[in-house]
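The values are calculated or read from the model by the stated rules, or taken from the named source; none is laboratory data. Just so it is clear, the model here is predicted, and its values are computed rather than measured. Virtual Cβ from ideal backbone geometry, glycine too; neighbours counted across all protein chains shown. The protein model used for the area step is the full one, side chains on, heavy atoms only, and it has no ligands, DNA or RNA in it. Shrake-Rupley method; radii C 1.70, N 1.55, O 1.52, S 1.80 Å.
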Amino acid sequence: MAWIELHQTLPTNKKTLRLKKILKIKTPQAIGHLCLLWLWALDNAEDGDLSIFSDDEVSEVSGWTGKPETFVAALIEAGFLDEDRHIHHWEEYAGALIDKREVTREQ
């Protein structure tokens, strides 16, 4: 079973506050979109690189029902995605799981 590190400060993190403001959404919705994206990335973008996925795909897996380009642009502007469409600091949050999967593959 996969897991991802989630910090208790996420709801009040400056990036979360920025994302909420840009998208005009509430905290639970912002956290939900982020969690859905991160959980999906564990199996589909293990290295955190979303550059091969369209805005439509990123929005869909995140549960965003508005304009896809608005959502992806907001993730970048808020700092959750880097300009190259890599999940910001992905290796820090999913690194332990990725390392464990690599060891399992090698065995």
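Listed by first and then second residue, the pairs with beta-carbon distance under 6 Å, at least 6 apart or on different chains, first residue in the range 64-77 and under 14 Å from residue 37 (Cβ atoms), second surrounded by 14 or more Cβ atoms within 10 Å (Cβ to Cβ) and small (Gly, Ala, Ser), are 68/59; 71/59. Evaluate the following for residue 54: is it farther than 21 Å from residue 25 by Cβ, in contact with a helix residue (DSSP H, G or I) (Cβ under 9 Å, 6 or more places away or on another chain) and at pLDDT 95 or above? Against the criterion (farther than 21 Å from residue 25 by Cβ, in contact with a helix residue (DSSP H, G or I) (Cβ under 9 Å, 6 or more places away or on another chain) and at pLDDT 95 or above), residue 54 qualifies. Among residues that are in a helix (DSSP H, G or I) and aromatic (Phe, Trp, Tyr), residue 64 is not included. Of all residues in the range 67-88, those being surrounded by fewer than 18 Cβ atoms within 10 Å (Cβ to Cβ) and part of a helix (DSSP H, G or I) number 6. Can you name every residue in the range 28-66 that is closer than 21 Å to residue 9 by Cβ, open to solvent by 40 Å² or more (accessible area, probe 1.4 Å) and polar (S, T, N, Q)? 29, the sole residue that qualifies.
Which residues, counting only those in the range 1-47, are in contact with a Leu (Cβ under 8 Å, 6 or more places away or on another chain), in a helix (DSSP H, G or I) and touching a residue at least 60 places away in the same chain (Cβ under 8 Å)? If the condition is that a residue be in contact with a Leu (Cβ under 8 Å, 6 or more places away or on another chain), in a helix (DSSP H, G or I) and touching a residue at least 60 places away in the same chain (Cβ under 8 Å), then 16, 19 are the ones that fit.
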